[in-house]
1. How many residues does the stretch 1-23 contain that are surrounded by fewer than 19 Cβ atoms within 10 Å (Cβ to Cβ) and in a strand (DSSP E or B)?
2. Would you confirm whether or not the stretch 144-162 contains a residue that is among the polar types (S, T, N, Q), touching a strand residue (DSSP E or B) at 6+ places or on another chain (Cβ under 8 Å) and either surrounded by fewer than 20 Cβ atoms within 10 Å (Cβ to Cβ) or at pLDDT 95 or above (or both)?
3. Would you list the strands (runs of 3 or more DSSP E) that sit entirely within the stretch 114-207 and hold 3 or more residues that are touching a residue at least 12 places away in the same chain (Cβ under 8 Å) and within 23 Å of SER8 (Cβ to Cβ)?
4. Quick one: what pairs do we get from the stretch 290-303, first residue under 13 Å from SER273 (Cα atoms), second surrounded by 15 or more Cβ atoms within 10 Å (Cβ to Cβ) and among the β-branched types (Val, Ile, Thr), C-beta under 8 Å, 6+ apart or different chains?
5. What's the number of the condition TYR176 fails, among (1) more than 30 Å from ALA5 (Cβ to Cβ); (2) modelled with pLDDT under 95?
6. Of all residues in the stretch 237-273 being modelled with pLDDT under 95 and part of a loop (DSSP other than H, G, I, E, B), which is surrounded by the most Cβ atoms within 10 Å (Cβ to Cβ)?
7. Considering (1) surrounded by fewer than 16 Cβ atoms within 10 Å (Cβ to Cβ); (2) more than 13 Å from LYS12 (Cα to Cα); (3) among the β-branched types (Val, Ile, Thr), say which one THR73 fails and leave the rest.
8. Pick out the one residue from SER230, SER286 that is in a loop (DSSP other than H, G, I, E, B) and free of Cβ contacts under 8 Å to residues at least 24 places away in the same chain.
Amino acid sequence: MAAIALRSPQYKTITAGTNAAYATCSITIDGAASPQYVLRKNTSTNATVLFEISELCLDYLTITFNGTYTAQTLSISTVVNAYTSSDSLINGSTFTDVGYDAYGTFMEGANPEVPFSNRPRWLLNTDPESLDVYYIYVPNNTAGVLPYIAVNASMGYVGYGASQTSISASSNYGQYLVNIVRVDCTKYGDGHKITFVNKFGALQDIWFFLKSVNTTNKKSENYQRNIISSTGTYSVNSHTKQVYNTIANTNITLSSGFYPEWANQWFEQLLLSEQVWLTRTDPFDSSDTQVVPINVKKNSIAKKTVLNNKLIEYTFDFDMSFDYINNVR
């Protein structure tokens, strides 16, 4: 069973055979009683017919996050058949896949599959010079989870404790050891956890350990208001330049702290992610936290290196993915 990356094109093909007139592609998602899509293409004898399915399937995969890490994938059954002009079946193929909200790069080739290497595997990148050991960077006294892909192409998450410094390899999930590097960020608080959908289609946490800056921006319109009364007087306490249609947005600027050079790929995937969340202290209850949808504000990052920058640190601006003044109608 293939774990296909749906943010990149996924092609299904069939050789039409003798006397072929047309071919169909039926796509059934998550075991539905009938196909969600049935595609048809005219063809000719022994021609190869090509269907692209990723865009259609991705419409059915919406990643959500409320603080609980759950596997969010699609089961996809694709049936490709070739027929004669009299609707007689010539031949066909059935493909059974698991769809991930993932993408491959151009250099990884066509029809990319997660995790682009052997399974089981942790669903995050590590140092390419030491692929048999993984590293994550987490504040002291903080628990968390790691995503993995199992042998059967299913996604899962493994938790680790607040004082744990490693996760052992397992034949059921990650086949390599994970070192949990603990970071003291108490000078700036408890750190800020950003959760995003990475290139493997899994929820990945990345911590920003240094300072944060919160900003509120507003946009509004105004008009020149007539305040003259019927007697030719006016109140000096009345607004002559009346403001209306005020909307406000908030954003947060976070500094990552120091990471190894190979972690550039994490920040690049954060930039390219379409779903990102911030876990922050609840402003109405300091003993609780809340998960906030955010959007990455910047459109590019310059990859930093030890040679050029000595210490690798990134600053990201995030916009809250909602207006500050509630205007949901």
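1. 5
2. Here is the first cut: in the stretch 144-162, the ones among the polar types (S, T, N, Q) are 152, 154.
Next cut, touching a strand residue (DSSP E or B) at 6+ places or on another chain (Cβ under 8 Å) only: 154.
Next, from what is left, pick out any that are either surrounded by fewer than 20 Cβ atoms within 10 Å (Cβ to Cβ) or at pLDDT 95 or above (or both): 154.
Yes; the residues of the stretch 144-162 include at least one that is among the polar types (S, T, N, Q), touching a strand residue (DSSP E or B) at 6+ places or on another chain (Cβ under 8 Å) and either surrounded by fewer than 20 Cβ atoms within 10 Å (Cβ to Cβ) or at pLDDT 95 or above (or both).
3. Numbers: elements: 133-139, 144-149, 155-160, 177-183, 192-197.
Of the strands (runs of 3 or more DSSP E) lying wholly inside the stretch 114-207, those with at least 3 residues that are touching a residue at least 12 places away in the same chain (Cβ under 8 Å) and within 23 Å of SER8 (Cβ to Cβ) span 144-149, 192-197.
4. PRO293/VAL276; ILE294/ILE194; ILE294/ILE252; ILE294/VAL276; ASN295/VAL276; VAL296/VAL276
5. For TYR176, the failing item is (1).
6. SER256
7. (1)
8. Going through SER230, SER286 in turn, the sole match is SER230.
The values are calculated or read from the model by the stated rules, or taken from the named source; none is laboratory data. Since we're looking at a predicted model, the values are computed, not measured. Reconstructed Cβ throughout: ideal geometry from the backbone, glycine too, with neighbour counts over all protein chains shown.
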